[in-house]
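A quick write-up on the structure given underneath.
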Amino acid sequence: MTICEKDLCCGCMACMNACPSGAITRYTDGEGFWFPEVDDALCTGCNSCRRVCPVHNVRKNDTFQKKVFACNSLSDETVLDSSSGGLFTEIAKLILSKNGVVFGAVLDDRFRVIHSSVSTESGLARLRGSKYVQSDMKDVFPQIKGLLESGRIVLFSGTPCQVAALYNFAGENRNLYTCDIICHGVPSPMFFEDYKRDLEKRYKSEISDIKFRYKKPCWEVFSMKVLFKNGQEYAGDAFNDPFLRGFLTDRVSRPSCHVCGFANLNRQGDVTIADFWRYIPDDEHPLENRKNGISLLMLNNEKGQAVFEEIASRIRYVAKPVYEAVNGNLCLAKPYEPSWDRSNFWVSYRQRGYQYCKKRYLRPKNYVPPLVSALNKIVTKYEYEKYRLHDKIDAGK
């Protein structure tokens, strides 16, 4: 039985968790991504797998007139420790104050990205900050369904496809709150493992911590920071770090990310959060303390509106038009296309390995701020004209 076409599968593994006969296991393909595999001898043809699959069942969440805010937490410490403005932390604190449970992506003791839960504020640090790798969901969906059935409040944060899969698996529930991220794509866990091994070999020590968004020299520049047990540190940015180069040049993301059905304004979560790239300051209502990060917050339904009203006293915020959100996050309009040489990259990777591909495809790139800024303006204008987003947004679609 085929659950969905391989190139469309997002790897959420809701199908594996939903199968009542245990007929679905997962395997890792040559690019390091997880896919379901059905044992036809055990399959009863009940179609539980297809019912929970987000490729086949997309939640409509587009009747509410969306509201967008540029914002950041009033806690400077929270902002500094977060990828952008600390909005996830403030939402999570709200849920925890109601005796809720918060699920999100964490790094485990081997620095693999998995989804896990916390029920106290002291555990929030693990969930805070971006992790630019596909997260292993394990049995998170059954855990959440069980908590909801027991009456607990749950906040789930993840990619839009993961949020859609959760609703398909657990159903709508007044105690379920969801936060989707504006996603550029999820890089290969195998590529990340090879990246870590390479750094440990270079620094002759095991890794002790990883930050995917190190805010030096500034928030606007993507920077990785890796700490080692021998006291050494590594820092690299989007122009010279091989992992970030692979991610941001669209060579190492999951194939389904490049045809993603969730890269649009039909957001799956109650709220959507992201970096507010290309934020335009408002002279009349300026957002204070912008230098350390600005979050984009989009309210997608009444539940999202209620969450915003409860955290409003703990954040700085300025209302913005939806098109400004799209300006800085084009995945609100369409998915990113794969690099022209993505296929060649992975053929080389399988044949020659990480080191060859790092030197051949991911060489450091010179940083030329004026040119980058000029190109950004040209690309933005082109995208606006091509997709005529203002017309759709003004119509409330």
Among all residue pairs at least 6 apart or on different chains, which show Cβ distances below 7 Å where the first residue, located in region 83-102, is farther than 10 Å from residue 119 by Cα and without any contact (Cβ under 8 Å) to a residue 40 or more places away in the chain and the second is polar (S, T, N, Q) and surrounded by 20 or more Cβ atoms within 10 Å (Cβ to Cβ)?
89/73; 89/78; 89/82
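Would it be correct to say that residue 336 is modelled with pLDDT under 65 and touching a helix residue (DSSP H, G or I) at 6+ places or on another chain (Cβ under 8 Å)? Lay out the reasoning, then the answer.
Details: modelled with pLDDT under 65: no; touching a helix residue (DSSP H, G or I) at 6+ places or on another chain (Cβ under 8 Å): yes.
Criteria not met by residue 336.
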Just one of (1) among the aliphatic types (A, V, I, L, M); (2) in the same structural domain as residue 299 (by the TED database); (3) touching a helix residue (DSSP H, G or I) at 6+ places or on another chain (Cβ under 6 Å) trips up residue 238, so point out which.
(2)
Say we look at region 175-234 and pick out the residues that are among the aromatic types (Phe, Trp, Tyr) and at pLDDT below 95; which of these is farthest from residue 263 (Cα to Cα)?
214
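On the given criteria, is residue 89 part of a helix (DSSP H, G or I), more than 30 Å from residue 1 (Cα to Cα) and modelled with pLDDT under 90? If you could, list the steps in order and put the result at the bottom.
Details: part of a helix (DSSP H, G or I): yes; more than 30 Å from residue 1 (Cα to Cα): yes; modelled with pLDDT under 90: no.
Judged against the criteria, residue 89 is not a match.
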Given the conditions (1) without any contact (Cβ under 8 Å) to a residue 60 or more places away in the chain; (2) surrounded by 15 or more Cβ atoms within 10 Å (Cβ to Cβ), and given that residue 172 satisfies all but one, which numbered condition is not satisfied?
(2)
The residue that is farthest from residue 181 (Cα to Cα), considering only those in region 114-158 that are crowded, with 21+ Cβ neighbours inside 10 Å and in contact (Cβ under 8 Å) with a residue 60 or more places away in the chain, is 141
Which members of region 103-113 meet the condition of being touching a residue at least 24 places away in the same chain (Cβ under 8 Å) and either touching a Gly at 6+ places or on another chain (Cβ under 6 Å) or part of a loop (DSSP other than H, G, I, E, B) (or both)?
111, 112
What number of residues within region 167-199 satisfy the criterion of being hydrophobic (A, V, I, L, M, F, W, C), within 22 Å of residue 90 (Cα to Cα) and not in a loop (DSSP other than H, G, I, E, B)?
3
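The values are calculated or read from the model by the stated rules, or taken from the named source; none is laboratory data. Just so you know, these numbers come straight off a predicted model, no measurement behind them. Don't worry about glycine lacking a Cβ; one is built from the backbone with ideal geometry, like all the others, and counts go over all protein chains shown.
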